[in-house]
Amino acid sequence: MRLFVSIDLPDRLAEAVADAQERIAEAEGLRFVDPTQAHLTLFFLGDTDPDRVIAIEDALERAVDDAGVDPFELRVGGFGVFPSPEYISVVWVGVRDGGGAAETTRLHDAVSEELTALGFEGDDHEFTPHVTIARMDDARGKDLVQRVVRETDPDLGAFRVGEIRLKESTLTEAGPEYETVASFEL
């Protein structure tokens, strides 16, 4: 099983994600994320033995309790790239300041602490709450992406976050397909 922990965007924001993608649609070398599957990844577990799912679910229950985060509003907007504007591999929209970034970071930190204690490898960089909208396979469209990221500031909207989810990702020729394994209410 290929697993990750996420905050999923509601279906009603899929159009806003698609609109943000449209701003960079002419950039060559990009693969776009399916707007209906947009999410904010809190932790990527990777290939995982199915026998570990119960321990993972228990750890996520503890993480939600430890984070002490009540349901909150998450406001998504603004472009960014990873790892840098000079070398782009991911194009994303972020979480607005004051729009749930602190709560999202607390959830990430608690989830990361619990899952690394189970032996999963955490990130080696600072957490930046974001929703990936495209991946750049080559630099043909880099100039356009840089300009759009620098000059535009899309606002995708806000939604209430009441849970985090353990998701399974199945890679297919048409792209990844996600299925919720378990949900954990805040």
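Values in this text are rule-based calculations from the coordinates and carry no lab data. Quick caveat: nothing in here was measured; it's all calculated off a predicted structure. All Cβ positions, glycine included, derive from the backbone under ideal geometry; neighbour counts span all protein chains shown.
With respect to A38, determine if the residue is surrounded by 20 or more Cβ atoms within 10 Å (Cβ to Cβ) and in contact with a Gly (Cβ under 7 Å, 6 or more places away or on another chain).
Considered against the rule, which asks whether it is surrounded by 20 or more Cβ atoms within 10 Å (Cβ to Cβ) and in contact with a Gly (Cβ under 7 Å, 6 or more places away or on another chain), A38 comes out as no.
Every residue in region 20-70 that is closer than 23 Å to R150 by Cβ, touching a residue at least 24 places away in the same chain (Cβ under 8 Å) and in a loop (DSSP other than H, G, I, E, B), please.
If the condition is that a residue be closer than 23 Å to R150 by Cβ, touching a residue at least 24 places away in the same chain (Cβ under 8 Å) and in a loop (DSSP other than H, G, I, E, B), then R23, I24, E26, A27, E28, G29, V33, A38 are the ones that fit.
Within region 87-94, is even one residue among the small types (G, A, S), in contact (Cβ under 8 Å) with a residue 40 or more places away in the chain, farther than 21 Å from D47 by Cα and surrounded by fewer than 14 Cβ atoms within 10 Å (Cβ to Cβ)?
yes
Here is a yes/no grid of residues against (1) more than 25 Å from K167 (Cβ to Cβ); (2) touching a Gly at 6+ places or on another chain (Cβ under 7 Å); (3) of a type in the set (V, I, T):
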| residue | (1), (2), (3) |
| --- | --- |
| V91 | no, no, yes |
| G94 | no, yes, no |
| H108 | no, no, no |
| S112 | no, yes, no |
| G122 | no, no, no |
| P129 | no, yes, no |
| A134 | no, no, no |
| R147 | yes, no, no |
| D153 | yes, yes, no |
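Which of the residues spanning region 125-152 are buried (at least 19 other Cβ atoms within 10 Å of the Cβ) and in contact with a helix residue (DSSP H, G or I) (Cβ under 8 Å, 6 or more places away or on another chain)?
Within region 125-152, P129, V131, I133, A134, M136 meet the criteria.
May I ask you to verify whether T104 is polar (S, T, N, Q), crowded, with 17+ Cβ neighbours inside 10 Å and closer than 30 Å to R147 by Cβ?
Here the answer is yes, as T104 does meet what is asked.
In this structure, does T104 turn out to be of a type in the set (S, T, N, Q), part of a helix (DSSP H, G or I) and without any contact (Cβ under 8 Å) to a residue 40 or more places away in the chain?
Here the answer is no, as T104 does not meet what is asked.
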